[in-house]
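Readers should treat all values here as calculations from the given coordinates under stated rules, not as data from a laboratory. Just so we're clear, the structure is a prediction, and the values are computed from it rather than from any experiment. Ideal geometry is used to build each Cβ from the backbone, glycine not excepted, and the neighbour counts take in all protein chains shown.
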Amino acid sequence: MQLPIVTYPDKRLKQPSRPVELFDEALHAFLDDMYETMIASNGIGLAAIQVANPVQVLIINIPDEQGEQDKAQLLEIINPQIILSDGKTFYQEGCLSVPGFYEDVERFKTVTVSYRDRHGNEQVLEADGLLSVAVQHEMDHLAGKLFIEKLTYTRRKKFEKEYKRIQKEKKGS
Ligand code: QAP
Ligand code: CO
């Protein structure tokens, strides 16, 4: 089942998410719904709060060299914690909750994350490149943070203006 995506400036996106305690069938069904929603929306990453559920759940599906998203590469990350980070990198980010807007954001170059999979088993992920950026972007959602909050004051002002225009154009069309 596809779920509606919450978009900026909806206040729910500012809400911190709580850890998952039950790794049951309801969680599995929710993860499947998140995946369907992300793929239908042309996303590569999605956090649970973006579909109005404040739990520490995120999914990431990085496309391969041909730009194909293989479900075998899907990462389901629950209750994540960054245990190591190193370096700095810039990447032009977007977000399904901030449609139509993309901007460069600074992130750690690499992160090591411990998390639980859908069965509650502890896993460790070492991420670099786009995956590293995606993990950090999605983990920010769990803390109630959006990538636009990392922009400089001037760029943020420009965003607010631009975003209002994008929203108006959408209503008109
Ligand atoms: C987060 O973002 C991310 O504006 C995932 O109109 C960002 O999937 C991971 C999207 C940067 C790694 C690097 C955005 C789709 C998708 C839009 C997304 C849009 C349609 C964003
Ligand atoms: Co996002």
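With all pairs of separate Cα atoms included, segment 50-129 yields a Kirkwood hydrodynamic radius of 14.5 Å.
Taking a point 7 Å from the Cα of Met1 along the Cα-to-Cβ direction, the residues of segment 25-41 with backbone N closer than 15 Å to it are 25-37. Between amide H atoms placed 1.01 Å from N, distances below 5 Å from Gln56 occur with Arg18, Val20, Asn79, all of them 5 or more places distant or on a separate chain.
Calculate the FRET efficiency for Lys161 and Lys88 from the Cβ-Cβ distance with a Förster distance of 30 Å, rounded to the nearest 0.05.
Rounded to the nearest 0.05, the efficiency is 0.60.
Remark: for residue pairs Lys11/Lys157; Lys14/Lys109; Lys71/Lys171; Lys71/Lys158; Lys88/Lys145; Lys14/Lys168, the C-alpha separation exceeds 30 Å in Lys71/Lys171; Lys71/Lys158. Label positions at Gln123 and Gln15, each projected 7 Å from the Cα along the C-beta direction, are separated by 2.6 nm.
How fast does the chain diffuse by Stokes-Einstein, in µm²/s, taking the Kirkwood radius from C-alpha pairs at 4 °C and 1.567 mPa s? Here the translational diffusion coefficient equals 78 µm²/s. Applied to segment 46-57, the Karplus parametrisation 6.51 cos²θ - 1.76 cosθ + 1.60 on θ = phi - 60° returns per-residue 3J(HN,Hα) values of 8, 10, 4, 5, 6, 10, 6, 10, x, 10, 7, 9 Hz, with x for Gly and Pro.
Scanning the chain for GluC sites (Glu not before Pro) in DSSP loops with at most 14 neighbouring Cβ atoms within 10 Å leaves 69-173 as the longest stretch between them.
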